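Following: one structure in structure tokens, then a few remarks.
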Amino acid sequence: MSEAERKQKKHMIDIETEHLGDRNKLILQLMWPALCENILATLVSMADTIMVSALGTGAINAVGLCTQPRFIVFSAFMALGTGTTALVARAKGAGNREEANHALVQSLLLALGIVLLACFAMLLWYQPLIRFIAGANIAEETVQDAFAYFRVQIYGFPLLGLTFIMNAALRGAGNTRAAFYSNSASNIVNVIMNYLLIQGHFGFPALGVEGASIATVIGQTVAFCFCLYLLLSGKQYVSLKDKPSLKPDGHMIRRVSRIGTPALLEQVIMRVGMMVFTLIVTSLGDVSYATHNIAMNIQSMSFTTGMSFGIAATTLTGQTLGRKRPDLSRWYVRQAIRMSYVASFIVAFIMFFFGGAITSIYSKEAQVLALATVVLRIIAVANPLSNTRFVYNSALRGAGDARFTAIITFAGIVVVRPLVAVILVYLLKMDLIGVWIALVSDALVCYGLAKWRWSTGKWAEIRV
């Protein structure tokens, strides 16, 4: 046996036996801050909905109408964040700190340009967009409240976009705690300001739905300041302390865009599909739409485990590929999948048996409670697979395979979801239950496609 063969054999043995406990610990170290961040963000979102629900069903629906327009703008941040995380992770894996910092700066410049264009576009078109989503079955008062809520959100987009990119870079460098701390501070401020501004306390004006939006923007500003402080401190792997060049670099921007453009396409497909899908839900009336918004809010909590293990998978896949170790990428993702399954089964159990009690926090209306309980059981049955798809998708993005995740999203949201929804809602008259069976069908198809793509190993051959 040659020396090269002996080294290769020892290398493969190391993969199977060396420091397995440390590797599992690393997954959990990256996952737990993301989990805490996602849980806190979801709890705050739930608190937002509960606080707004005190104003009535119309207020819940007003905030719900703004969800998809907001996420259209967020899609640009998410896409850039995907490219930033992948490039920073690769650079760190290769030990190239200068390249990691350069990727951060160029992503911030790109984000600033995009978000300013997005704000201008939304100022012109947010009203017809919200009216389109509302359709003919939502009260005019609710639509006007949605206008007031979204108008404030637009002015918070620039800081939100820059914060998203800074957190993405920090995650790529392995610091998932930074996003947890910044978003925790943001969410706590958000809740406090909600209390002060929605109904008016301690002398603050009662601004209703608009007050909830102002509170969100104030919280986002806190997160931006926190992230900027971290990057200027010089204590992170990525840093803005040394006065980096602000000159646009076409080569680096193309590298970010190579991953970010398919990710952007994926997000746009998702958001446009969600907007069209929302039209189906709003056509069912106020009670169904309010129940749908509550169920979506609760479902987001069920996804926190999968999304958190997904963040760990993104970082570890990028870093191990930067070290030219796709074998380690496979090992880390396999372990993250196993952990995600366990956590998802626990969440599914809670949702299936205690869904009614959770819903009662939002609403005491008998129709809403009965309908939401059934919906949450549908979500619970599919949760282990639909939740774990986030890990596969995140790992593919960490490898730079954002193009295929866009294909997965297209198949689920543009093909499967509307087709199943039209059949179940309009032909079989299953109303909101049919809507949620369609949502679950989409998630299961996406899970199957993402799992298959990962098993092919083609993601390991992608250059970023």
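The values are calculated or read from the model by the stated rules, or taken from the named source; none is laboratory data. This structure is a prediction, so every number in the text was calculated from the model and none was measured. Cβ sites come from the backbone with ideal geometry, for glycine too, and all protein chains shown count toward neighbours.
Would you be able to say whether some residue in the range 162-185 is within 16 Å of Thr67 (Cβ to Cβ), buried (at least 16 other Cβ atoms within 10 Å of the Cβ), modelled with pLDDT of 85 or more and not aromatic (Phe, Trp, Tyr)? Quick ask: steps written out before the conclusion?
Here is the first cut: in the range 162-185, the residues within 16 Å of Thr67 (Cβ to Cβ) are none.
For the range 162-185, residues within 16 Å of Thr67 (Cβ to Cβ), buried (at least 16 other Cβ atoms within 10 Å of the Cβ), modelled with pLDDT of 85 or more and not aromatic (Phe, Trp, Tyr): absent.
Going by the conditions given, is Ala372 under 30 Å from Leu170 (Cβ atoms) and either of a type outside the set (Val, Ile, Thr) or buried (at least 19 other Cβ atoms within 10 Å of the Cβ) (or both)? Here the answer is no, as Ala372 does not meet what is asked. Apart from one condition, Arg254 fits all of (1) in a helix (DSSP H, G or I); (2) surrounded by 15 or more Cβ atoms within 10 Å (Cβ to Cβ); (3) not acidic (Asp, Glu); the exception is (2).
Could you tell me how many of the residues in the range 210-251 are assigned to a helix (DSSP H, G or I), under 23 Å from the mean Cα position of the chain (by Cα) and in contact (Cβ under 8 Å) with a residue 12 or more places away in the chain?
Residues of the range 210-251 that are assigned to a helix (DSSP H, G or I), as a first pass: 210-233, 250-251.
Filter once more, so that each one left must be under 23 Å from the mean Cα position of the chain (by Cα): 212-228, 230-231.
Still in the running and in contact (Cβ under 8 Å) with a residue 12 or more places away in the chain: 212-224, 226-228, 230-231.
Summing the residues that are assigned to a helix (DSSP H, G or I), under 23 Å from the mean Cα position of the chain (by Cα) and in contact (Cβ under 8 Å) with a residue 12 or more places away in the chain in the range 210-251 gives 18.
Examine the range 393-407 for a residue that is assigned to a helix (DSSP H, G or I), more than 30 Å from Gly83 (Cβ to Cβ), among the aliphatic types (A, V, I, L, M) and in contact with a Ser or Thr (Cβ under 8 Å, 6 or more places away or on another chain), and state whether such a residue exists. No - not one qualifying residue is present in the range 393-407.
Give the range 346-391 a look and list any residue that's aromatic (Phe, Trp, Tyr) and within 21 Å of the chain's Cα centre (by Cα), or say none. So that I can check it myself, show each step before the final result.
First, pick out the residues of the range 346-391 that are aromatic (Phe, Trp, Tyr): 349, 352-354, 362, 390.
Within the range 346-391, Phe390 is the sole residue that qualifies.
Across the range 391-448, the number of residues qualifying as acidic (Asp, Glu) and either surrounded by 24 or more Cβ atoms within 10 Å (Cβ to Cβ) or in contact with a Phe, Trp or Tyr (Cβ under 6 Å, 6 or more places away or on another chain) (or both) comes to 2.
When Gln127 is tested against (1) surrounded by fewer than 24 Cβ atoms within 10 Å (Cβ to Cβ); (2) touching a residue at least 24 places away in the same chain (Cβ under 8 Å); (3) in contact with a Phe, Trp or Tyr (Cβ under 8 Å, 6 or more places away or on another chain); (4) not charged (D, E, K, R), just one condition goes unmet, and that condition is (2).
The set of residues in the range 280-300 being surrounded by 17 or more Cβ atoms within 10 Å (Cβ to Cβ) and of a type in the set (Val, Ile, Thr) consists of Ile280, Val281, Thr282, Thr291, Ile294, Ile298.
When each of Gln127, Gln106 is tested for being in a helix (DSSP H, G or I), out of contact with any Cys (no Cβ under 6 Å at 6 or more places or on another chain) and within 20 Å of Ser233 (Cα to Cα), the lone residue that passes is Gln106.
Would you mind finding the one in Val333, Val347 that is in contact (Cβ under 8 Å) with a residue 40 or more places away in the chain, assigned to a helix (DSSP H, G or I) and surrounded by fewer than 22 Cβ atoms within 10 Å (Cβ to Cβ)? Talk me through it step by step, then tell me what you get.
Working: Val333 fails: surrounded by fewer than 22 Cβ atoms within 10 Å (Cβ to Cβ).
Matching residue, one of Val333, Val347: Val347.
Would you check which residues across the range 381-427 are among the polar types (S, T, N, Q) and either under 30 Å from Arg255 (Cα atoms) or in contact with a strand residue (DSSP E or B) (Cβ under 6 Å, 6 or more places away or on another chain) (or both) and list them? Give the steps one after another, and end with the answer.
If we filter the range 381-427 for residues that are among the polar types (S, T, N, Q), which is where we start, we get 383, 386-388, 393-394, 405, 409.
The answer is Asn387, Thr388, Asn393, Ser394, Thr405, Thr409.
Any residue at all in the range 376-385 that's farther than 26 Å from Gly81 by Cβ and surrounded by fewer than 16 Cβ atoms within 10 Å (Cβ to Cβ)? Looking through the range 376-385, at least one residue is farther than 26 Å from Gly81 by Cβ and surrounded by fewer than 16 Cβ atoms within 10 Å (Cβ to Cβ).
Of all residues in the range 370-394, which are hydroxyl-bearing (Ser, Thr, Tyr) and closer than 19 Å to Met31 by Cα? Residues satisfying the conditions are Ser386, Thr388, Tyr392, Ser394.
Please verify whether the range 283-294 includes one or more residues that are modelled with pLDDT under 90 and more than 24 Å from Gly58 (Cβ to Cβ). Scanning the range 283-294, I find no residue that is modelled with pLDDT under 90 and more than 24 Å from Gly58 (Cβ to Cβ), so the answer is no. The residue pairs whose first member lies in the range 262-279 and is touching a residue at least 12 places away in the same chain (Cβ under 8 Å) and crowded, with 22+ Cβ neighbours inside 10 Å, whose second member is outside any helix (DSSP H, G or I) and of a type outside the set (Gly, Ala, Ser), and whose beta carbons are closer than 9 Å, counting only pairs six or more residues apart or on different chains, are Pro262/Asp401.
With respect to Ser340, determine if the residue is among the hydroxyl-bearing types (Ser, Thr, Tyr) and touching a residue at least 40 places away in the same chain (Cβ under 8 Å).
Working: among the hydroxyl-bearing types (Ser, Thr, Tyr): yes; touching a residue at least 40 places away in the same chain (Cβ under 8 Å): yes.
Considered against the rule, which asks whether it is among the hydroxyl-bearing types (Ser, Thr, Tyr) and touching a residue at least 40 places away in the same chain (Cβ under 8 Å), Ser340 comes out as yes.
Condition first: more than 22 Å from Gly306 (Cβ to Cβ) and out of contact with any Asp or Glu (no Cβ under 7 Å at 6 or more places or on another chain). Can you find one or more residues in the range 440-456 that meet it?
Looking only at the range 440-456, we keep the residues that are more than 22 Å from Gly306 (Cβ to Cβ), and these are none.
No: zero hits.
Residue count for the range 350-366, restricted to those that are in contact (Cβ under 8 Å) with a residue 40 or more places away in the chain, in a helix (DSSP H, G or I) and touching a Ser or Thr at 6+ places or on another chain (Cβ under 8 Å): 3.
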